[in-house]
Amino acid sequence: MRVSIHTEDWAAARPFRITGHVWNSFESVVVELSHDGAVGRGEALGVFYANETADSMAAEIAAVEDRLIAGIDRAALQRLLPPGGARNAVDCALWDLESKQAGRPVFELAGLSRPTPLLTTYTLGADTPEAMAAGATGKHRDAKAIKMKLLGDGHDAARVAAVRAARDDVWIGVDANQGFTSESLAEAMPAFIENRVELIEQPFKIGQEALLDGFVSPIPLAADESVQSLKDVEGLVGRFQVMNIKLDKCGGLTEGLLMAKRAKELGLKVMVGNMAGTSLAMAPAMLVGQYCDVVDLDGPMPLKFDREPATVYKDGLVSIPDGVWGWAG
């Protein structure tokens, strides 16, 4: 096996803001695995709140490069690297390589049907109510579902009201990125109900999940930062109704598919999300999306440029051209 590891920096079209963070660009690590003329690729952005960076992921992969060169399968990779962006990049590269070697698309190897276009949320970065309303009618005018980043700063009710006034026709979910307290969530909840918010994602900080014990929310709650990998899924029951799978968190498509299956067994709804990224990162997540009740795969949208061929966003749907990743040809 030949191994190539490199980092890339993808400029944002404009600053992208969530609770506690602003991005002007998105750095990724890309892994290429080559064997007998076949090449598999995988991309990861990493988990920013776990302090993963493109350089740290590249170093983590380089530390096990000898094992990769010797040859490794996806099951062995699960034991070699922990959940996180480094394993995601390698896992997706292994799936892609296997597709090329077998002459079959990844969806067949995974026992899935050919992926179909999916309704996806379009994300509005946290901003003033006026700016977010303008985004909903401007760049995101063809969205059928919008996810709003909120800050828990006392102005979220106004943000939601402004976007709903601008777009009465769309599904709206909100994402606090751990930014709420019990008090700020209670303060904003009437506005969420009035403006038909249909999902509240990660209201509280990691480690504060007990705040949800006994709390009956009139709007479904989704766990994002509170669920990293398969071992965390069962602990969501009784606190959350929806689980957000991100391949960078769980360490790749292999574990993402296992998480989706286990969540369904436990009666949880399933969401697939992303840490931003190019079409190379979205393509494997699209396979998880085929299982999901909520899809949030707009990662390339904040970028100034994407790869070619690029993810297609049309009429609120997302689709991935065959040649991006995971195809035998």
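The values are calculated or read from the model by the stated rules, or taken from the named source; none is laboratory data. As the structure is a computational prediction, the values presented were derived from the model and not from experiment. Using ideal geometry, Cβ is built from the backbone for each residue, glycine included, and neighbour counts are taken over all protein chains shown.
Among residues of segment 131-148 that are within 18 Å of G299 (Cβ to Cβ) and free of Cβ contacts under 8 Å to residues at least 12 places away in the same chain, those with a Cβ under 7 angstrom from a residue that is of a type in the set (A, V, I, L, M, F, W, C) and surrounded by 23 or more Cβ atoms within 10 Å (Cβ to Cβ), sequence gap 6+ or separate chain, pair up as G135/L124. N177 fulfils the conditions (1) at positive phi; (2) out of contact with any strand residue (DSSP E or B) (no Cβ under 6 Å at 6 or more places or on another chain) except for a single criterion, (2). Here V216, V170 are screened, and the one residue that is modelled with pLDDT of 95 or more and either surrounded by fewer than 22 Cβ atoms within 10 Å (Cβ to Cβ) or basic (K, R) (or both) is V170.
Filtering segment 62-90 to residues that are over 19 Å from S229 (Cα atoms) and of a type outside the set (D, E, K, R) leaves A62, A63, V64, L68, I69, A70, G71, I72. Let me spell it out: the conditions are (1) of a type outside the set (G, A, S); (2) in a loop (DSSP other than H, G, I, E, B); (3) assigned by TED's automatic domain parsing to the domain that holds P220, and M286 meets all of them except one. Which number is the exception? Every listed condition holds for M286 apart from (2).
Look at (1) surrounded by fewer than 16 Cβ atoms within 10 Å (Cβ to Cβ); (2) in contact with a Cys (Cβ under 7 Å, 6 or more places away or on another chain); (3) not small (G, A, S) and you find that N51 fails only one, number (2). Quick one: A70 ticks every box in (1) within 26 Å of G46 (Cβ to Cβ); (2) surrounded by 16 or more Cβ atoms within 10 Å (Cβ to Cβ); (3) not aromatic (F, W, Y) except a single one, so which number is it? Status for A70: all satisfied but (2). When we screen Q202, Q228 for residues that are touching a residue at least 12 places away in the same chain (Cβ under 8 Å), more than 30 Å from A162 (Cβ to Cβ) and surrounded by 13 or more Cβ atoms within 10 Å (Cβ to Cβ), the only hit is Q228. Do we have A126 as within 26 Å of V227 (Cα to Cα), at pLDDT below 95, touching a helix residue (DSSP H, G or I) at 6+ places or on another chain (Cβ under 9 Å) and surrounded by 18 or more Cβ atoms within 10 Å (Cβ to Cβ) here? When the stated conditions are applied, A126 passes them. Mind checking whether some residue in segment 178-195 is surrounded by 22 or more Cβ atoms within 10 Å (Cβ to Cβ), modelled with pLDDT of 95 or more, over 22 Å from S319 (Cβ atoms) and not basic (K, R)? Yes, segment 178-195 contains a residue that is surrounded by 22 or more Cβ atoms within 10 Å (Cβ to Cβ), modelled with pLDDT of 95 or more, over 22 Å from S319 (Cβ atoms) and not basic (K, R).
So the check is Cβ under 7 Å with 6+ separation or different chains; which pairs have a first residue in segment 289-310 that's over 30 Å from A263 (Cβ atoms) and a second one that's assigned to a loop (DSSP other than H, G, I, E, B) and among the small types (G, A, S)? Short answer, once both residue conditions are applied: P309/G323.
All of N244, N274 fail the test of being among the polar types (S, T, N, Q) and out of contact with any Lys or Arg (no Cβ under 7 Å at 6 or more places or on another chain), apart from N244.
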